[in-house]
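The values are calculated or read from the model by the stated rules, or taken from the named source; none is laboratory data. Just so we're clear, the structure is a prediction, and the values are computed from it rather than from any experiment. Virtual Cβ from ideal backbone geometry, glycine too; neighbours counted across all protein chains shown.
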Amino acid sequence: MLRILHQIFRTGIVTEKLPPAEEAKVTLKGAALEEEVMRRFRRSITIRFVDAGSCNACELELQAVTNPVYDCERFGMHFTASPRFADMLLVTGPVSRNMEIALKRTHNAMPTPKLVVAMGDCAHDGGMFGRSYASLGGVGNIIPVDAYIHGCPPTPSDIINGILMAIGRIEVKK
Amino acid sequence: MTDDLKKLLGNIIDAEKSIDNSQRGALALNIPADLFAPAAKALKGAGWRLAAEWAVDESPFGRGYGVMAAYNKESDYLIIKIALPKGEAAFPTLTRKYTAAYRFERQINSLMGLVPAGHPDLRPWIKHEDWPQDAYPLRKTFDPEKDLGRVEGSYKWIRAEGEGIFEVPVGPVHAGVIEPGHFRFQSVGEDIINLETRFGYVHKGIEKRFESLGWFEAPRLAGRVSGDTTVAHAVAFCRALEAASMCVAPKRAQWIRAILLERERIANHLGDIGAICNDTAFTFMLYQMAILREKVLKNNFKIFGHRLTMDRVVPGGVNVDITKEAVKTMEDELQGLANEFERLIRIYEDNSSLEDRVYGTGVLTPETAKEIGAVGFVGRSSGQRCDARVQSPWPPYDEIPPNPPFLTSGDVHARTWVRIEEVRDSIRLIRGMLDTLPEGFIRVDCPAPLPGTSGFSVVEGWRGEIIHWVQAGPDGGINRVMVRDPSSVNWLSIEQAIKGNIVPDFPLCNKSFNQSYSGHDL
């Protein structure tokens, strides 16, 4: 126990300041929600994550978002196990044919109003996997998407910035 | 060919005459179809392991289908190929000899449409029930652009019956930030009687996709077979291509590849050791290990320009050099990492509530591991002396030999401990490689392989043995790429290890295996 306490004090606070957002790394798709609703989302946001066919690199970086260095909880972001509690659906990967139904069902299970953020180059247009019998391409082909976070995979700071931009909490650096 | 092997197969075939010289990277024999199973029986008897089994559509060469099996014993790999006559779609099953063939052959059946005669369970695998029956994506006649549509269908699950037995279905969408897959438990109270897994949810048609790419863009796709193993898969693909086109990467490139491989091993092991502890509610370790992992990734970005070092390995070498400053950065990093890691492992060892959860949980016995042919840290935790870096070392592992740990208890603790030891060993290996980093080029021009040739490669990724097999078509382009991630064999072992455990321990057990869904589904 003493060792644990000692280690905690040795570690101190490792959380880093978030770098400014860059426009090139995010694409916003129109005014998704009404002003009033967006204003409410600006406080804390609860995210349901679905891997719709990713290679798992995006998941690694998404897990890093919750580590002490990036600590997304300081921005009021947290991940929920149930779509019923979620404000935002975060999707990675090209949508595989075998995940299409599960993705739609998760989206349907969320209460409205809801936001959809597609993360990674595959979620944008299918990436290296393209469009085929097994990959249906970008998430936008299956459910309406409000914002795309680019990168292969996007870095943890890009992910946090992208989510904050999607809910209109930060301005884009032009 | 060794004399042992000649003697072993001597009763069945004339081994010398069967050697196929168009196949490179491993000894390959062409044998008549009816000897496929007898050869497997002889090899099994002599202690060979079935490492992979796959099929290839050779219609572009004017031939029928080929079925191939790769075997391994110590340092030797052996490929046995049978050619089916045109129009013939049945081949003898190996499942009765080798348990590992069970899934390989279901996959061949589902995606290539060949029938392993005598296979006990031909439910489709990866191909879900709503696919049209006659859609066989790996056949050359299949148009990958065409939408298949959905049909009515059902999947017959294995069910336990009796008083008090109930079923717990989990997935494909899971609670955490992980990949999709389906697990179905038959249980009494909390005790698991049987677990049946079903995957295929992240099937993106990778093997088919390779066939539409050129040789030099394909490594990018190989690096996305399983994102956490991006380096190892890219190295495996490039080595298979280099074997086929008889190209050798310069020494400096080989060293850099190995450094990237070991960094990938360290980063993944750190993350998973923390995550295993987290599943016992010891979150302290999750965050501490995450900090260490983050430091490795940040340095990856600084030195190699990408946090996961994707797309750094290319045919003929690598596309990023290690500067003198980078060597210094890594040496300092390793020093800091080693000190901090040892402090944390001391805490791991001291924690009795952690011990209570990890000892004796999710036991994969050495007998079962051998039967399944478990590879990588899963195999090494269950008494299998398997590590491609040691058994068939490629440079620089021949000069700087790894010293992987072997345990026999096969429980969650063993799998964690093997990975703890591997982090230590990888730190030592990288230091050794940095000390001996050869001067010279980091890349040579790798020619495309000649039409009809093929290449086989084995790379020990952080999860275990990865196998790639590439074949050039009559036009010199890619005719077939076979990818075998360690997950394809190791997923079988979790079903065995979980028996008799309780449902709430499943996440912990699963994390201790941490197999790839994407690498399995392709």
Exercise for review: Considering only residues that are under 14 Å from A:GLY120 (Cα atoms) and buried (at least 19 other Cβ atoms within 10 Å of the Cβ), look in region A:132-145 and name the one that is farthest from the other protein chains (Cβ to nearest Cβ).
Suggested key: A:VAL145
Check your understanding: Taking region B:97-137 on its own, how many of its residues are part of a loop (DSSP other than H, G, I, E, B) and more than 11 Å from chain A (Cβ to nearest Cβ)?
Key -> 17
Study note, to complete from the structure: Selection over region B:420-442 where residues are in a helix (DSSP H, G or I) and either touching a residue at least 60 places away in the same chain (Cβ under 8 Å) or charged (D, E, K, R) (or both) yields a count of 15
Study note, to complete from the structure: If we ask which residues in region B:149-170 are within 29 Å of the chain's Cα centre (by Cα) and either surrounded by 11 or more Cβ atoms within 10 Å (Cβ to Cβ) or within 14 Å of chain A (Cβ to nearest Cβ) (or both), their number turns out to be 6
Practice item. Can you give me the number of residues within region B:130-144 that are surrounded by 14 or more Cβ atoms within 10 Å (Cβ to Cβ) and either free of Cβ contacts under 8 Å to residues at least 24 places away in the same chain or more than 16 Å from B:GLU207 (Cβ to Cβ) (or both)? Key: 3
**Study point:** Tabulated pairs, region B:317-339, first assigned by TED's automatic domain parsing to the domain that holds B:MET433 and closer than 26 Å to B:ALA234 by Cα, second surrounded by 12 or more Cβ atoms within 10 Å (Cβ to Cβ) and small (Gly, Ala, Ser), C-beta under 7 angstrom, 6+ apart or interchain
**Key:** B:GLY317/B:ALA249; B:GLY317/B:ALA253; B:VAL318/B:ALA253; B:VAL320/B:GLY305
**Study point:** Every residue from region B:1-33 that is modelled with pLDDT of 90 or more and assigned to a helix (DSSP H, G or I)
**Key:** B:ALA33
Exercise for review: Tell me, please, whether a residue that is part of a loop (DSSP other than H, G, I, E, B) and in contact with a helix residue (DSSP H, G or I) (Cβ under 9 Å, 6 or more places away or on another chain) can be found in region B:411-419.
Suggested key: yes
Point to revise | Residue check for A:PRO153: assigned to a loop (DSSP other than H, G, I, E, B), in contact with a helix residue (DSSP H, G or I) (Cβ under 6 Å, 6 or more places away or on another chain) and either surrounded by 24 or more Cβ atoms within 10 Å (Cβ to Cβ) or of a type outside the set (Lys, Arg) (or both) | key: yes
Practice item. Answer with yes or no whether B:ASP435 is among the charged types (D, E, K, R), over 18 Å from the mean Cα position of the chain (by Cα) and surrounded by 19 or more Cβ atoms within 10 Å (Cβ to Cβ). Key: no
Review point. If you take the residues in region B:264-319 that are away from every other protein chain (no Cβ under 12 Å) and of a type in the set (A, V, I, L, M), which one is surrounded by the fewest Cβ atoms within 10 Å (Cβ to Cβ)?
Key: B:ALA281
Check your understanding: Just checking, how many residues over region B:218-229 are within 9 Å of chain A (Cβ to nearest Cβ) and more than 15 Å from B:LEU308 (Cβ to Cβ)?
Key -> 1
Exercise for review: Could you tell me whether B:GLU211 is over 26 Å from B:LEU450 (Cα atoms) and surrounded by fewer than 24 Cβ atoms within 10 Å (Cβ to Cβ)?
Suggested key: no
Check your understanding: Across region A:40-81, which residue is nearest to the other protein chains (Cβ to nearest Cβ) among those that are in a strand (DSSP E or B) and without any contact (Cβ under 8 Å) to a residue 40 or more places away in the chain?
Key -> A:PHE79
Study note, to complete from the structure: How many residues of region B:171-186 are closer than 20 Å to B:LEU492 by Cβ and either within 7 Å of chain A (Cβ to nearest Cβ) or small (Gly, Ala, Ser) (or both)? The answer is 6
Point to revise | All positions within region B:187-206 that are more than 14 Å from B:TYR155 (Cα to Cα) and away from chain A (no Cβ under 14 Å) | key: B:SER187, B:VAL188, B:GLY189, B:GLU190, B:ASP191, B:ILE192, B:ILE193, B:ASN194, B:LEU195
Review point. So, in region B:13-25, of the ones that are in contact with a Gly (Cβ under 9 Å, 6 or more places away or on another chain) and surrounded by 18 or more Cβ atoms within 10 Å (Cβ to Cβ), which residue ends up farthest from B:SER392 (Cα to Cα)?
Key: B:GLN23
Review point. Hey, among B:ARG209, B:ARG239, which residue is in contact with a Phe, Trp or Tyr (Cβ under 8 Å, 6 or more places away or on another chain), more than 14 Å from every other protein chain (Cβ to nearest Cβ) and not hydrophobic (A, V, I, L, M, F, W, C)?
Key: B:ARG239
Review point. Taking B:VAL458, is it closer than 23 Å to B:CYS509 by Cβ and β-branched (Val, Ile, Thr)?
Key: no
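Per-residue answers, yes or no, for (1) buried (at least 19 other Cβ atoms within 10 Å of the Cβ); (2) within 13 Å of the chain's Cα centre (by Cα); (3) assigned to a loop (DSSP other than H, G, I, E, B); (4) away from every other protein chain (no Cβ under 11 Å):
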{"residue": "A:ASN108", "(1), (2), (3), (4)": "no, no, no, yes"}
{"residue": "A:THR112", "(1), (2), (3), (4)": "no, no, yes, yes"}
{"residue": "A:ALA118", "(1), (2), (3), (4)": "yes, yes, no, yes"}
{"residue": "A:ILE163", "(1), (2), (3), (4)": "yes, yes, no, yes"}
{"residue": "A:GLY168", "(1), (2), (3), (4)": "no, no, yes, yes"}
Point to revise | Filter pass, B:SER75 being polar (S, T, N, Q), under 16 Å from B:LEU138 (Cα atoms) and not assigned by TED's automatic domain parsing to the domain that holds B:ASN479 | key: no
Exercise for review: Could you tell me whether B:LYS86 is surrounded by fewer than 23 Cβ atoms within 10 Å (Cβ to Cβ), closer than 23 Å to B:LEU492 by Cα and either over 18 Å from the mean Cα position of the chain (by Cα) or among the aliphatic types (A, V, I, L, M) (or both)?
Suggested key: no
Review point. Scanning region B:282-328 for residues that are aliphatic (A, V, I, L, M) and part of a loop (DSSP other than H, G, I, E, B), which turns out farthest from the chain's Cα centre (by Cα)?
Key: B:ILE322
Practice item. With the checklist (1) surrounded by fewer than 24 Cβ atoms within 10 Å (Cβ to Cβ); (2) outside any loop (DSSP other than H, G, I, E, B) in hand, flag the one item B:VAL248 doesn't pass. Key: (2)
Practice item. Within region B:104-118, identify whether any single residue is over 25 Å from B:VAL489 (Cα atoms), among the aliphatic types (A, V, I, L, M) and touching a strand residue (DSSP E or B) at 6+ places or on another chain (Cβ under 7 Å), and answer yes or no. Key: no
